Amino acid sequence: MKKVLILCFVFIITLQAKERIISLDPASIETLFMLKADDQIIGIVSLTHSDIYPKEKTSKITSVGTFTNPSVEKIISLDPTLVILSSYSLNLKQKLDNFGIKTMIFKTQHLNDIKDNIKILAKITQKEKEGKKILKKFEDELKNLEKNPLNKSAIYLYSSNPLMAFSDNSLIADILKLIGIKNLSPKSNITRPIISEEYILKQNPDLLIFGINATDKNLLNNSSLLKNTKAVKKNRIYTYKNTYLLLRLSPKIIDRIKEFKAEIKTVLP
């Protein structure tokens, strides 16, 4: 009987043991902090283009390298029980499997993916109660963002050379739809298809949004076609410097969409 009790005690302790998480995915890091599970984070990646919320705390966590080039040696040395991969670190999976380190990756294609990711992380970290609260707030905030739609059309450019836009099957398209902007980019399984100036003129958007690698403003000055669009004629050209953050699928995206919507209003009548 005593032996059975000891075994049961060991099983309970093992069941309740906290994970030792290294996250190579900034969105998961932010979600873990919002779940109040940051005590289970032992390593993260560092970014060159933006901070990870909450900056005052994430800046003190051990870095295992950059977002695009994490160090396998550093990861192994921290002895994690779980490594959360990103789309930029999928090549690490096999290497970490060889060391018996568990890995996982989250879906990051659409706004609704955030809901599943919250639930999964809440379960992993034994924070289901906090997860339900965050999920409820997230869903309520999405509904609030649908109010007072902007009722305009737009093409959101990913890059200007080559000319690429976020397709109608992308996270950006979800965000535009949420705030009442019709995305005139092509319907495509490719997230960032190449488009032409002729295509933009034909669609004739109310607004042109420049993001990430769309930095060549001479594109507008040198193009006789784009000069004929409503967006250029009415000077509805907007550069959003935080596209990287807008593509980060954590619950913090709500604040970023609010900021994005407010700034878009400044270039609309």
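The values are calculated or read from the model by the stated rules, or taken from the named source; none is laboratory data. For clarity, every value in this text was computed on a predicted model and none was experimentally measured. When we count neighbours, we look across all protein chains shown, and the Cβ atoms used for this are built from the backbone with ideal geometry, even at glycine.
Can you pull out every residue in region 84-109 that is surrounded by 15 or more Cβ atoms within 10 Å (Cβ to Cβ) and touching a residue at least 24 places away in the same chain (Cβ under 8 Å)?
84, 85, 86, 88, 89, 92, 96, 101, 105, 106, 108
Please verify whether region 249-256 includes one or more residues that are outside any loop (DSSP other than H, G, I, E, B) and in contact (Cβ under 8 Å) with a residue 24 or more places away in the chain. Don't jump to the end; show me each part of the working.
If we filter region 249-256 for residues that are outside any loop (DSSP other than H, G, I, E, B), which is where we start, we get 253-256.
Subset that is in contact (Cβ under 8 Å) with a residue 24 or more places away in the chain: 253-254.
For region 249-256, residues outside any loop (DSSP other than H, G, I, E, B) and in contact (Cβ under 8 Å) with a residue 24 or more places away in the chain: present.
Please count how many residues of region 85-129 are more than 19 Å from residue 251 (Cα to Cα), of a type in the set (Ser, Thr, Tyr) and modelled with pLDDT of 95 or more.
Final tally of qualifying residues: 1.
Can residue 79 be described as under 21 Å from residue 118 (Cα atoms) and either surrounded by fewer than 22 Cβ atoms within 10 Å (Cβ to Cβ) or touching a residue at least 24 places away in the same chain (Cβ under 8 Å) (or both)?
On the way: under 21 Å from residue 118 (Cα atoms): no; either surrounded by fewer than 22 Cβ atoms within 10 Å (Cβ to Cβ) or touching a residue at least 24 places away in the same chain (Cβ under 8 Å) (or both): yes.
No; evaluated as a whole, the condition is false for this residue.
Do we find that residue 121 is part of a loop (DSSP other than H, G, I, E, B), in contact (Cβ under 8 Å) with a residue 12 or more places away in the chain, out of contact with any strand residue (DSSP E or B) (no Cβ under 8 Å at 6 or more places or on another chain) and among the aliphatic types (A, V, I, L, M) in this structure? Full working, then the answer.
Values: part of a loop (DSSP other than H, G, I, E, B): no; in contact (Cβ under 8 Å) with a residue 12 or more places away in the chain: yes; out of contact with any strand residue (DSSP E or B) (no Cβ under 8 Å at 6 or more places or on another chain): yes; among the aliphatic types (A, V, I, L, M): yes.
So residue 121 fails the test.
Can you name the strands (runs of 3 or more DSSP E) wholly within region 150-236 that have at least 3 residues being of a type in the set (A, V, I, L, M, F, W, C) and in contact with a strand residue (DSSP E or B) (Cβ under 6 Å, 6 or more places away or on another chain)? Reasoning before the result, please.
Values: elements: 152-160, 163-165, 181-183, 207-213.
Filter on region 150-236 gives 152-160, 207-213.
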